[in-house]
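First the structure, in the form of structure tokens, and then the observations on it.
The values are calculated or read from the model by the stated rules, or taken from the named source; none is laboratory data. Please read these numbers as outputs of a predicted model, since none were measured by experiment. No Cβ is skipped: glycine too gets one built from the backbone with ideal geometry, and neighbour counts run over all protein chains shown.
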Amino acid sequence: MQIKTVRLLRRISQVAFFSVFFWLILKTTFEASFTPNPQSEILLPSPVSIALQLDPLVGVATLLSTGGVFKGLLWCLVILIPTIFLGRFFCGWVCPMGSLNHWISEIPFKKTDRKVAARIESNRYKRYQRIKYYVLILFLGASLAGSLQIGLFDPLALLARSIGTVLLPVLHTGTLSLISWIKGYWVPPPLGTWAQAVYDNIETILFPFRQAHFNGILTLALFFILVLVLNRIFTRFWCRGICPLGALLGVFSRYSVFGLEKRTTNCDHCNLCLQHCQGADGPDVGSAWRRAECHLCLNCQAACPQGALTFKFYPNRAATEANPAPITGVNISRRMTITSLASGVALAPLIRSGTAFAVDADPGLIRPPGSVSEAEFLARCIRCGQCMRVCPNNALHPTMLEAGIEGLWSPILIAKIGYCEPSCTLCGQVCPTGAIAHLTRTQKMGDKETPANRIGTAFIDRGRCLPWAMATPCIVCEEWCPTSPKSVYLKEETVRNSRGESVTLKQPYIDPHLCTGCGACEFACPVADRAAIRVTSVGETRSSSNQFLLDRKPRSVSSRN
Amino acid sequence: MINRREFLKTTGQALALAGVSAGVGVLFHNRSTAEYAPIMLKTGDYRVPDDTQLPRLTLSHNEDAMVALNRSLDAIGGIRRFVNKGERVVIKPNLGWDRTPEQAANTSPILVGEMVRLCLVAGAAEVIVTDVTCNDPRRCFIRSGVRDAVEKAGGRVILPKEEDFVKTVIDGKMISTWPVLKHFLQTDKLINIPIIKQHSLLECTCSMKNWYGILGGPRHQLHQKIDQSIVDLAAFCRPTLTVVDATRVLLRNGPTGGSLDDVAKEDTVMCATDEVAADSRACEFLGLTGDHVGHIVLAEKTGLGKVDYRAAGYKEVA
């Protein structure tokens with residue numbers, strides 16, 4: 001096969017994998033178009049988290065942090081094992097974040113000689129490329145100590161969360177504003193109608209019925225934008241310098257049997273190979289080719305006018321004077337390796353030693369239903385944002401500091417924005433690492449034998465509650481309470497208002513034996529800014545210590561009414 | 001020193017910019033402080049002429065909900081009395097919650113589907129079913145089974161979207177203007193299909209309370225003066241026909257329910273042209289009488305119908 005054909009195949013592969021990844025994120029949503037049996041659980045029609053389960057870094061890191069490979073994560077061997085033989089093909093052919101970095105790096109700029117020269121220079125191997133190995137070792141060290149921080153930098157988790165919680169919501173809002181602007185008085189009427197028609201078509205493909213908007217996405221957005229912009233300074237800076245997944249695959253490519261063979265005799269040092277190199281791995285004659293840095297994009301071979309470069313199985317390793325032997329290993333120092341590992345291992349106890357992790361945890365830290373205990377949660381959550389995206393009520397959001405620095409961008413339920421739908425188990429269905437268990441409907445809602453899954457408990461703020469503080473009737477929290485019997489119960493009282501008139505109304509109370517902490521009451525409370533009934537995490541099923549009642553057996557149905 | 005050409009050019013540019021600035025300011029100057037939001041002046045009156053020969057409330061008891069619906073509907077004049085050829089019909093079930101039909105928190109899908117079919121048989125050009133639900137509308141329409149039933153019958157389900165609410169003059173004592181879902185305002189006929197449920201503030205929620213479901217905005221505030229706001233809405237929204245779903249009645253833990261222990265199977269369907277009479281009869285399923293239920297009494301006082309449904313014209317059919 002001609003090398004140009006192979007390069008074309010690579011380009012097709014990049015577009016295809018990126019599209020599939022993007023499509024999977026789009027499909028990570030509750031769709032009105034599927035109609036299951038109303039009796040049964042509402043299931044997602046496709047395994048939308050499969051892309052994240054293919055990620056070997058997630059597999060390795062969660063193996064270290066939890067001692068096991070969770071369900072679908074075994075799929076990551078599909079990437080890891082071929083890497084052992086081929087090298088970092090994933091980075092050049094598959095990784096959607098890598099492809100995005102590739103494309104942004106390659107947006108054409110003016111081809112003046114100086115810029116080409118600068119580019120060639122920047123594509124030579126640089127010492128900063130070692131940083132990614134230290135990042136990897138640091139994060140693996142933290143994983144060993146039980147704190148999974150890998151998700152912050154893992155390219156697939158990074159891209160999934162950036163597309164899902166930043167790009168798509170912002171795109172939706174932007175498009176809507178544009179349409180309403182076009183339909184406004186600036187533009188003649190037919191244009192507005194056309195714009196609406198165009199929007200309606202885009203909407204059915206790209207936007208869900210209800211676009212979720214997320215807490216604190218500015219930090220996520222800035223991080224993502226930074227990663228993208230750096231490509232314009234150094235080609236694929238993220239992939240070369242920071243990406244811990246690339247580093248892991250680099251380590252695993254040590255014994256690969258596929259590589260670059262250089263024929264010194266043909267080379268006239270035009271440096272076209274360097275000009276097009278993605279990995280800064282020394283493809284030119286005269287440099288040592290670095291296997292662990294190469295993305296196997298094959299640009300160098302395709303660019304070489306002399307046919308001096310060829311990728312093949314079992315390449316000839318013989319060195320000549322002009323052509324040093326390829327470097328198979330990873331160029332890192334022992335001292336820095338030990339330092340990174342030790343720092344990583346020390347990281348978890350360091351950030352957990354304060355009061356915030358256990359004793360003084362934020363009472364507002366409500367985790368999704370089915371979440372495992374906090375310590376294990378932090379050993380599993382990769383911050384991919386899939387749970388936030390799939391939640392039909394927009395209830396789940398990235399944390400800022402509610403779960404400490406350690407839990408940055410992990411999911412938190414904000415009941416004021418959306419409550420937890422009792423019959424819904426979608427967040428557990430999409431979680432790729434088992435941080436949120438996939439509950440059955442009975443486990444979620446409970447029945448006469450099984451207690452329902454609790455994510456917290458509601459408390460009434462009598463100083464803000466209309467019937468308690470303001471002699472004004474209101475029963476909205478009770479009306480919305482989804483448990484049967486209702487966890488919010490009412491007691492009729494006659495109170496006096498400011499004019500001295502007596503008013504008969506019903507004041508709400510909570511039965512903590514029935515309350516699941518879903519937050520429907522907080523969501524519906526008419527006191528808009530800070531609800532008069534609020535959910536905190538105490539009583540959550542996942543914790544053995546965050547409790548307050550001695551006896552919490554579910555009450556029998558007949559005991560009231 | 002500048003030469004004459006430069007002087008004229010610079011001065012001209014400055015004058016042009018000044019002119020444009022002043023022009024834009026004057027053009028967009030807005031003296032009034034009135035709100036920009038469009039206010040739709042429209043009544044929600046979709047009634048057909050009263051017929052003294054016919055009862056205003058009919059009730060049929062049958063294990064087959066479709067039979068019960070058809071018999072009670074025929075007794076009040078049949079579908080052709082209410083729907084004419086080529087009309088657009090909007091059906092308003094109560095689909096507030098993410099619940100299954102057995103839990104009796106939502107209107108029965110059988111009744112909604114059959115009603116869609118009947119309207120189409122009568123020649124309706126389009127039958128739309130929509131509701132401003134409490135829980136997520138996608139889940140409510142799917143789990144209630146109504147989406148399936150409507151689409152099978154040939155009707156169209158429209159889920160409420162934020163941009164589809166129009167600020168509307170309700171002109172009531174409590175509610176002067178409020179955002180209303182536009183589909184309820186842009187139709188020829190409107191059919192209300194509520195379900196009977198216990199409600200801790202109202203005692204009984206049925207036909208008139210169902211109009212909360214046309215509203216957007218902070219509608220939970222309305223509970224503070226619930227009787228008056230329901231009557232305001234009922235005075236604004238006069239449906240062509242009311243079909244009361246009493247196939248299952250939610251006795252406790254309403255309006256959400258959840259447990260089958262809360263549900264009584266009654267196998268009854270009522271049709272009404274008098275909502276007050278319908279609600280008055282409906283609350284008897286919960287062991288109440290209309291003259292003890294605040295909003296029903298207030299509705300009669302306002303002239304919306306009769307609490308004494310027998311006096312209004314009541315007929316039970318087999």
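Overview of results
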read-out	value
Residue in the stretch A:481-490 that is in contact (Cβ under 8 Å) with a residue 60 or more places away in the chain and within 20 Å of A:Asn394 (Cα to Cα) present	yes
Number of positions in the stretch A:524-545 that are away from every other protein chain (no Cβ under 14 Å) and under 23 Å from B:Gly96 (Cα atoms)	2
Residue match in the stretch A:547-560 (condition: crowded, with 19+ Cβ neighbours inside 10 Å and either modelled with pLDDT of 90 or more or assigned to a loop (DSSP other than H, G, I, E, B) (or both))	no
Hits in the stretch A:60-85 - residues which are under 20 Å from A:Leu298 (Cβ atoms) and either surrounded by 20 or more Cβ atoms within 10 Å (Cβ to Cβ) or among the β-branched types (Val, Ile, Thr) (or both)	A:Ile79, A:Thr83, A:Ile84
Qualifying residue in the stretch A:101-121 (condition: closer than 30 Å to A:Val372 by Cβ and in contact (Cβ under 8 Å) with a residue 24 or more places away in the chain)	no
Matching entry among A:Arg462, A:Arg441 (being away from every other protein chain (no Cβ under 14 Å) and surrounded by fewer than 18 Cβ atoms within 10 Å (Cβ to Cβ))	A:Arg462
A:Glu492 at the interface with chain B (Cβ under 9 Å from one of its Cβ atoms) and either in a strand (DSSP E or B) or of a type outside the set (Gly, Ala, Ser) (or both)	no
Contacts under 8 angstrom Cβ, first residue in the stretch B:261-285 being within 14 Å of another protein chain (Cβ to nearest Cβ) and over 17 Å from B:Cys237 (Cβ atoms), partner among the basic types (Lys, Arg) and outside any strand (DSSP E or B), 6 or more apart	B:Asp261/B:Arg252; B:Asp262/B:Arg252
Flag for A:Cys521 being out of contact with any Pro (no Cβ under 9 Å at 6 or more places or on another chain), under 19 Å from A:Ile460 (Cβ atoms) and within 12 Å of another protein chain (Cβ to nearest Cβ)	no
Residue among A:Glu449, A:Glu522, A:Glu501 that alone is acidic (Asp, Glu), modelled with pLDDT of 95 or more and out of contact with any Leu (no Cβ under 7 Å at 6 or more places or on another chain)	A:Glu522
Qualifying residue in the stretch B:204-221 (condition: under 24 Å from B:Phe141 (Cβ atoms), aliphatic (A, V, I, L, M) and touching an Asp or Glu at 6+ places or on another chain (Cβ under 6 Å))	yes
Residue among B:Gly155, B:Gly172, B:Gly213 that is under 23 Å from A:Trp480 (Cβ atoms) and either in contact with a Pro (Cβ under 8 Å, 6 or more places away or on another chain) or touching a residue at least 40 places away in the same chain (Cβ under 8 Å) (or both)	B:Gly213
Candidates A:Phe30, A:Phe34 - the one that is in contact with a Cys (Cβ under 9 Å, 6 or more places away or on another chain), assigned to a loop (DSSP other than H, G, I, E, B) and either within 14 Å of another protein chain (Cβ to nearest Cβ) or at pLDDT 95 or above (or both)	A:Phe30
Matching helices (runs of 4 or more DSSP H) fully within the stretch A:143-249 where at least 2 residues are surrounded by fewer than 23 Cβ atoms within 10 Å (Cβ to Cβ) and among the β-branched types (Val, Ile, Thr)	A:168-183, A:189-206, A:217-230
From the options B:Ala318, B:Ala235, residue that is more than 14 Å from chain A (Cβ to nearest Cβ), out of contact with any strand residue (DSSP E or B) (no Cβ under 6 Å at 6 or more places or on another chain), in contact (Cβ under 8 Å) with a residue 12 or more places away in the chain and more than 19 Å from B:Asn192 (Cβ to Cβ)	B:Ala318
Of all residues making up the stretch B:40-87, the number that are part of a loop (DSSP other than H, G, I, E, B) and polar (S, T, N, Q)	5
Residues within the stretch B:171-199 that are of a type in the set (Ser, Thr, Tyr) and surrounded by fewer than 19 Cβ atoms within 10 Å (Cβ to Cβ), tallied	2
Residue within the stretch B:201-210 that is within 14 Å of another protein chain (Cβ to nearest Cβ) and touching a Ser or Thr at 6+ places or on another chain (Cβ under 6 Å) present	no
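For (1) under 27 Å from A:Met445 (Cβ atoms); (2) modelled with pLDDT under 95; (3) in contact with a helix residue (DSSP H, G or I) (Cβ under 7 Å, 6 or more places away or on another chain), each residue gets a yes or a no:
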position: A:Ala348; (1), (2), (3): no, yes, yes
position: A:Gly354; (1), (2), (3): no, yes, no
position: A:Val359; (1), (2), (3): no, yes, no
position: A:Pro363; (1), (2), (3): yes, yes, no
position: A:Ile382; (1), (2), (3): no, no, yes
position: A:Cys387; (1), (2), (3): yes, no, yes
